[in-house]
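No lab work stands behind these numbers, since they all come straight from the coordinates. Bear in mind the structure is a predicted one, so any value in this text is a computation, not a measurement. Methodologically, a virtual Cβ is constructed for each residue, glycine included, from the backbone with ideal geometry; neighbour enumeration extends over all protein chains shown.
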Amino acid sequence: MPDHFAVSFAPDIPAFSAFAVDSLGRGEGLDNVVLTARLPGDGGFALRDDGPDRYSYVANSSGKPTSAVWHMEISGARLGLRSDFSAGVQSPSFLLLIDQRKNHATLLGRPAATQQIHLPAVLHLPDRGTVRIASPQPGIVLECDARRRQPEFFVAVRFPAATAECPVVEYVLESTLIHPDLPGLADHPLYDGYRRSFLNLIQFHPRLRTLANNSSSDVCGFCLWQYAELARRAPPLAAGLTVMDLVRVSLDRVLAGHLAYGQKGYDKTEEQPEAAAWSPPFDSLDTLPSFVIAGAHAILEGGDAAWARANFPRFAAFARTMLAQDRDGNGLIEYPLSGNAGSWDGTTGTRPANWWDTIGFGHEDAFSNALAFRACSLLGAAAQSLGRGAEAGEFATAAGRIRSAYYPTFLNPATGVLAGWKSADGRLHDYWFTFINGMAVAFGLVEDRAAHALMDRLLAKMAAVGFDRFHLGLPGNLVPIRREDYTDRRRRYGGPELEDGSDAFQIYENGAATHCHAYWLVKALYRLGRVDDARRIYHPMLRSFAAGDFQGFTANGLSKDWRTWQGEGNGYEGYLSDGYLALLAVEDDIRAGN
């Protein structure tokens, strides 16, 4: 069997019974991802071996085989499927049914309609590789669905059969690598995870026709900015298809009024019956910055000038609404909830200000304000690119106001690092957040001299608390979050019983190690020229990316996206796409040289 693909076919229905790919072509990790328990049976077809590496399906009619209606051929990095129309034979679509518990595969392409994707498209299997799918016949559309808790989590891709109107339909599946062409990548096994998994952050929901947490999960509006950060660096996925096209498709849905998780009113719909409801009566503080960042990148990176001109005013309106959340006029936006210690009721219905959904970020939130700064900076540049000088000045001024207020507001003089939030009662809430300090430096919110001081103190604290298992990622916070500042009292999700939070430390967002938002500290160190410090943290992470060790589950049945410092899983998704933003730091590592 070729080193790119490992496949087998069901005995009585056109379908894969095994499917695996290694886009590096080494025959590594070729574990079957097919949800075999749910394959339809007794489909009235017989599998025929036409050898070598050639197979076909024939229909059984009155006990006698007819001519072949599906042909399959494997050749190196290519896998061919061909459907031939046969009068009187009802030939089904060819099925690839993937078990998301084995791999969070996703089909990336322009949506034709709900659960339909135009060709060419890309099937990406995180940590395994990428398969580009094309057809010489024009106008071919794949059928795609993804669900969770049905009871299995699955992604289904169906290749429609030939018809009387289109008597031959061919599909070419080609194992490939899609990543920026950086020098020396193929020479270093350290970068294998980058080469094979660059697209891991990008997941498309076929029912909602937008980028999402994963193919069967929620669309989180406050994550769109991360997809755009990768999209602006990504090479084309296929002819006429880019990751930024998928960002625009997702933004079009936002602009059409469809809600995302993080927005008031988001809940289950007919399209997405497994959606998790957003319970607060207002949006998260990081949702509008996310929309603006994504929109600005989509404008700045070109590709659709008419789209940019038509939609800039909409993103400018988002930005002005975002800035209007600065209710006290100090330059920083504020969340409606106070963030005061002890103000959380300990239920999952009370959501804090941002992505970190169990930590009591509120009022003046350093995470969301860092994003607001980047949003204004980028939107000002986008305005300039469109010749809109007045708006360019407006948003550059707003970015300047945020920057002027940011460091003085969030710097904790007691620790010398930036706190996570300043609550309405004026108190700083500082748990040695690695991502807050990293984002501030990476985005340029802090002058270099002060930035070096932040990094010195943070790295010294990391050594003092004994965290050095960087192959697990980074803890979001280096000390336990107190019970009064934790929003979910379930121990399973880091909720402490003790007031100092120590009994639940290293569980989920209460200090567990994760690849999520680890990018920012690494990026900050590279930005400051502290290459040795950056590599001491980042190179072990890169080895874990190459091994696919941030996806899946540990022996306790919990997932690897969050782990104790000893490596025991305490996540739940099995796959958190956000963490793969950290792969972008490969650019900085290569730029830094040997």
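Results, tabulated for the structure shown:
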{"quantity": "Label-reachable residues, segment 400-429, where backbone N falls under 16 Å from a point 7 Å from Ala460's Cα toward its Cβ", "calculated": "412-418"}
{"quantity": "Principal axes of the chain: Cα extent on each, largest first, Å", "calculated": "83, 52, 50"}
{"quantity": "Shape box of segment 37-147 [Cα atoms, principal axes, largest first, Å]", "calculated": "42, 29, 29"}
{"quantity": "Zero-based 10 Å bins, Cα pair distances in segment 465-594, whole percents", "calculated": "14, 42, 31, 12, 1"}
{"quantity": "Residues with amide H under 5 Å from that of Leu418, placed H, sequence gap 5 or more", "calculated": "Asn412"}
{"quantity": "The chain: calculated mean residue ellipticity at 222 nm from DSSP helix runs of at least 4, using -39500 (n - 2.57)", "calculated": "-8500 deg cm²/dmol"}
{"quantity": "In the chain, lysine pairs closer than 23 Å at Cα, eight or more apart or cross-chain", "calculated": "4"}
{"quantity": "Unmatched cysteines, the chain - criterion: no other Cβ of a Cys under 4.7 angstrom", "calculated": "Cys144, Cys166, Cys376, Cys516"}
{"quantity": "Fraction of alpha-carbon pairs over 17 Å apart in segment 175-226 - percent", "calculated": "48"}
{"quantity": "Phi to ³J(HN,Hα) by Karplus 6.51 cos²θ - 1.76 cosθ + 1.60 over segment 115-132, Hz, x for Gly, Pro", "calculated": "6, 9, 10, 5, 8, x, 9, 10, 9, 10, 10, x, 6, 10, x, 10, 10, 7"}
{"quantity": "Estimated FRET transfer efficiency when R0 is 41 angstrom, pair Ala414-Asp31 (beta carbons, to 0.05)", "calculated": "0.25"}
{"quantity": "Helix axis angle, 448-465 relative to the chain longest principal axis, alpha carbon, degrees", "calculated": "80"}
{"quantity": "Residues with amide H under 5 Å from that of Ile507, placed H, sequence gap 5 or more", "calculated": "Ala512"}
{"quantity": "Extension gain, Ser338 back to Ala277 (0.36 nm per residue minus Cα-Cα distance, nm)", "calculated": "19.8 nm"}
{"quantity": "Cβ-Cβ FRET estimate between Asp50 and Asp187, R0 fixed at 51 Å, reported to 0.05", "calculated": "0.80"}
{"quantity": "Fraction in percent of alpha-carbon pairs per bin - 10 Å, segment 285-342", "calculated": "22, 41, 24, 11, 3"}
{"quantity": "Stretch gain in nm, segment Ser67-Arg233, where the contour uses 0.36 nm per residue and the Cα spacing is subtracted", "calculated": "55.0 nm"}
{"quantity": "Top positive-direction residue, dipole computed over segment 94-200 with Cβ charges, set Gln100, Pro136, Ala164", "calculated": "Gln100"}
{"quantity": "Net lengthening on full extension, Gln150/Thr350 (0.36 nm per residue, minus Cα-Cα)", "calculated": "69.2 nm"}
{"quantity": "Segment 147-253: C-alpha pair distances exceeding 17 Å, %", "calculated": "65"}
{"quantity": "Principal-axis tilt of helix 305-323 within the chain, Cα atoms, nearest 10 degrees", "calculated": "40"}
{"quantity": "Bins of 10 Å from zero: percent of alpha-carbon pairs in segment 368-489", "calculated": "12, 37, 30, 15, 5, 0"}
{"quantity": "Relative contact order (%) - criterion: Cα under 8 Å, at least six apart; region: the chain", "calculated": "10"}
{"quantity": "Surface/4 of the Cα convex hull for segment 93-209, nm²", "calculated": "8.4"}
{"quantity": "Long-range amide H partners of Val34 with built H, under 5 Å", "calculated": "Phe19, Asp99"}
{"quantity": "Where GluC sites (Glu not before Pro) fall in DSSP loop in segment 357-451, at most 12 other Cβ within 10 Å", "calculated": "Glu447"}
{"quantity": "Coordinate range along principal axes, alpha carbons of segment 282-400, Å, largest first", "calculated": "49, 28, 17"}
{"quantity": "Rounded D (µm²/s) - segment 420-485, Kirkwood Rh over Cα pairs, Stokes-Einstein at 20 °C, 1.002 mPa s", "calculated": "164"}
{"quantity": "Segment 303-382: trypsin sites (Lys or Arg not before Pro) in DSSP coil with no more than 11 other Cβ atoms inside 10 Å", "calculated": "Arg327"}
{"quantity": "Folded to 0 to 90 degrees: helix 243-255 orientation relative to the chain principal axis, Cα", "calculated": "70"}
